[in-house]
1. Any chance you could count how many residues in the range 235-251 are touching an Asp or Glu at 6+ places or on another chain (Cβ under 9 Å), over 28 Å from residue 155 (Cβ atoms) and either in a strand (DSSP E or B) or not small (Gly, Ala, Ser) (or both)?
2. Return only the number of the condition from (1) in contact (Cβ under 8 Å) with a residue 40 or more places away in the chain; (2) crowded, with 21+ Cβ neighbours inside 10 Å; (3) under 29 Å from residue 157 (Cβ atoms) that residue 225 does not satisfy.
3. Which of the numbered conditions does residue 96 fail, given that it passes all the others? Conditions: (1) buried (at least 18 other Cβ atoms within 10 Å of the Cβ); (2) farther than 19 Å from residue 264 by Cβ.
4. Any chance you could count how many residues in the range 251-272 are closer than 21 Å to residue 66 by Cβ and at pLDDT 90 or above?
5. Being over 23 Å from residue 214 (Cβ atoms), modelled with pLDDT under 95 and either in contact with a helix residue (DSSP H, G or I) (Cβ under 9 Å, 6 or more places away or on another chain) or of a type in the set (Lys, Arg) (or both) is the filter here; which residues of the range 100-147 pass it?
6. With respect to residue 170, is the statement that it is touching a Leu at 6+ places or on another chain (Cβ under 7 Å), under 26 Å from residue 104 (Cβ atoms) and touching a residue at least 24 places away in the same chain (Cβ under 8 Å) true?
7. Limited to the range 192-234, what total is found for residues that are more than 16 Å from residue 47 (Cβ to Cβ) and not in a strand (DSSP E or B)?
8. Return yes when residue 109 is touching an Asp or Glu at 6+ places or on another chain (Cβ under 8 Å), buried (at least 17 other Cβ atoms within 10 Å of the Cβ) and either in a helix (DSSP H, G or I) or hydroxyl-bearing (Ser, Thr, Tyr) (or both) and no when it is not.
Amino acid sequence: MATNQPSLRWTVPPPRGWRAEQLQGEVLSESGMSGRIPEVNIAVSPSLVSGNPSLSAHEVKFLITRDRAAGVLDWAKSRFQTDPYSRPEAGGGYSISSLYLDTPDFAVYRKHGSFGRAKFRIRRYGVSKRVFLERKLKVGDKVSKRRSDLAIDELPGLDLTGAKQSGGSAAWYEKRLHLRGLRVVCQISYERIALVGSNEWGPLRLTLDEAVHVVRMEEPRFAEPGTGELLLENHMILELKFRGKMPAVFKELAQFLTLQPGAVSKYRLGLFKLGCAPDLQVNGGGRVAPHHA
């Protein structure tokens, strides 16, 4: 896939654990760009840098009010760079739409066994003609992602039966969907503002997500961003992504705004909103919103 990535270079030594040849490897940015570049790109999401699998990322989430989000942005803009793939006409952000996959009995939602550690989704940025087949793996408090890109016109031909032996870039994804019995259950779309930086461990990323919508889907196709029911009307999701220890700059933010991390899952909130997944119960009584990641 061709790339026109800007030249964003490390202002500190390369991240710990990286060998020289890994710095030549493929880099995938969270906003959908990919390519082979001579130096690590600070616009890359920490969980998406290919190479050393031991360098899994940490992702810390906060559910915050819109007023507090404005304070976060004011604080962050003097300390980070704007994601180079953002759209100035959209206020420095971009839209993301993801098709989430689950089993007929919602084993991913229920976190049954290994289904609780891996989420499979198909992601599109804006109205791009390419999409990403993505697995997000969480072990303990560490997150890693694997993804392959695909032309959106090829999406209807994605094979979930296990019959096709294509050997193409989607083969690994098709195989796992078949073995796990996964199918599309919903689309979640939202607007994201992203700021980027780096430290000695690698890329740093701060994102704020708003206008989160969910719509029921049963086949691999995308609806327009913003289609469906609105989630979190008065709140935004702040996420801090990094490698190694919590960076001092993120500790400063948490202390400055007295933030407390919490588990927030757009997918679980979305299915709860649609009423198409098992409810969570408290003391045998009321229905509660499943924020858990």
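1. 5
2. For residue 225, the exception is condition (2).
3. Status for residue 96: all satisfied but (2).
4. Residues meeting the conditions: 5.
5. 114, 142, 146
6. Spelling it out, residue 170 is indeed touching a Leu at 6+ places or on another chain (Cβ under 7 Å), under 26 Å from residue 104 (Cβ atoms) and touching a residue at least 24 places away in the same chain (Cβ under 8 Å).
7. 16
8. Yes; evaluated as a whole, the condition is true for this residue.
The values are calculated or read from the model by the stated rules, or taken from the named source; none is laboratory data. Values in this document were obtained by computation on a predicted structure and should not be read as measured data. Cβ: placed from backbone, ideal geometry, glycine included. Neighbour counts: every protein chain shown.
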